[in-house]
Amino acid sequence: MITGPSGVGKGTLIRGLLQRCPGVQLSVSATTRAPREGEVNGRDYHFLTEEQFATRVERGEFVEHAEYAGNRYGTLRSELERPAEGIVLEIDLQGARQVRETLPGATQVFIAPPSVEDLEARLRGRASDSPDQIARRLDAAPTELAAKEEFSKIVVNDDLDTALGELVELAARICGPDSRDLS
Ligand code: ADP
Ligand code: 5GP
């Protein structure tokens, strides 16, 4: 599982990992957040209404779920049944703490920014969230950063290729010697 503050580069790194390691699949999360431009339902997220999300919680369909920056996010059990050699979960700190209890064997990676200034610049530079959403995400960052030592592996996403190399290394058992070297 991969955790880290919003804007640190989790999505970018995961896209790189999926390209390099064809045996790895992404667990597509469910969320009540509205789709961003270009996001596709079922590929980027399962976009649900508040009501649909609540019904699925009641039915026990989530491995973990949390509220983040005013929206709900969760991992559906069905996503972990994907026929893959490895499954990567992108989840927030609250979700990571739940998964640590329910799936103690999961590799726990925290992606850290080189500095808080870089994080803010990336979040603003991505230009995908409203000013209110950016503020809420920056508000959450100190708590998330303070928890990084809970994770078995911390990857600092300064140079993207270096950070991706560290992630691929962690997934080496799954990527194997056949991992696609795209450099
Ligand atoms: P997250 O999924 O953690 O919210 P994203 O993957 O969307 O973050 O990345 C946020 C922004 O930072 C994007 O515009 C992305 O292109 C940029 N970014 C990601 N990694 C780096 C890096 N190593 N150096 C500079 N910019 C980066
Ligand atoms: P975003 O809205 O930028 O796509 O995601 C916001 C936050 O929600 C990120 O920190 C991301 O890791 C987290 N997130 C995405 N999917 C899940 C999930 O399934 N469960 C939990 N707990 N958090 C998630």
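Output the residues belonging to the range 134-150 that are within 12 Å of ligand 2 (Cβ to nearest atom), farther than 16 Å from THR3 by Cα and either among the acidic types (Asp, Glu) or open to solvent by 30 Å² or more (accessible area, probe 1.4 Å) (or both).
ARG136
Please work out if PHE53 is more than 16 Å from the chain's Cα centre (by Cα) and either in a strand (DSSP E or B) or surrounded by 19 or more Cβ atoms within 10 Å (Cβ to Cβ) (or both).
Taking the combined requirement at face value, the residue satisfies it.
Any residue in the range 120-149 that's closer than 17 Å to THR12 by Cβ: show its pairings with residues that are within 11 Å of ligand 2 (Cβ to nearest atom) and open to solvent by 60 Å² or more (accessible area, probe 1.4 Å) at Cβ separation under 9 Å, as long as the two are six or more apart or on different chains.
These pairs meet every condition: ASP129/ARG136.
Yes/no matrix, rows are residues, columns are (1) at pLDDT below 95; (2) out of contact with any strand residue (DSSP E or B) (no Cβ under 8 Å at 6 or more places or on another chain):
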{"position": "VAL8", "(1), (2)": "no, no"}
{"position": "GLY11", "(1), (2)": "no, no"}
{"position": "VAL24", "(1), (2)": "yes, no"}
{"position": "SER27", "(1), (2)": "no, no"}
{"position": "GLU37", "(1), (2)": "yes, yes"}
{"position": "GLU50", "(1), (2)": "no, no"}
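Hey, VAL99 hits all of (1) out of contact with any Lys or Arg (no Cβ under 6 Å at 6 or more places or on another chain); (2) under 23 Å from GLN19 (Cβ atoms); (3) β-branched (Val, Ile, Thr) but one; which does it fall short on?
Of the numbered conditions (1) out of contact with any Lys or Arg (no Cβ under 6 Å at 6 or more places or on another chain); (2) under 23 Å from GLN19 (Cβ atoms); (3) β-branched (Val, Ile, Thr), the odd one out for VAL99 is (2).
Out of everything in the range 121-133 that is within 11 Å of ligand 1 (Cβ to nearest atom) and among the charged types (D, E, K, R), what residue ends up being most open to solvent (accessible area, probe 1.4 Å)?
It comes out as ARG124.
Can you work out which of the residues in the range 56-110 that are more than 17 Å from the chain's Cα centre (by Cα) and acidic (Asp, Glu) is farthest from ligand 2 (Cβ to nearest atom)?
GLU85
Among the residues of the range 151-163 satisfying the criterion of being surrounded by fewer than 13 Cβ atoms within 10 Å (Cβ to Cβ) and under 17 Å from the mean Cα position of the chain (by Cα), which is modelled with the highest pLDDT?
If we take residues in the range 151-163 being surrounded by fewer than 13 Cβ atoms within 10 Å (Cβ to Cβ) and under 17 Å from the mean Cα position of the chain (by Cα), then LEU160 is modelled with the highest pLDDT.
Taking into account only those residues within the range 6-26 that are assigned to a loop (DSSP other than H, G, I, E, B) and more than 12 Å from the chain's Cα centre (by Cα), which is nearest to ligand 2 (Cβ to nearest atom)?
So, considering only residues that are assigned to a loop (DSSP other than H, G, I, E, B) and more than 12 Å from the chain's Cα centre (by Cα), the one nearest to ligand 2 (Cβ to nearest atom) is CYS21.
Looking at this structure, is ASP118 loosely packed, with under 14 Cβ neighbours inside 10 Å and assigned to a helix (DSSP H, G or I)?
When the stated conditions are applied, ASP118 does not pass them.
The values are calculated or read from the model by the stated rules, or taken from the named source; none is laboratory data. Every value quoted in this text rests on a predicted model; they were computed, and no experiment measured them. In this analysis, Cβ positions are derived from the backbone assuming ideal geometry, glycine residues included, and neighbour counts consider all displayed protein chains. All accessible areas refer to the heavy atoms of the entire protein, side chains included, with ligands and DNA or RNA removed. Shrake-Rupley method; radii C 1.70, N 1.55, O 1.52, S 1.80 Å.
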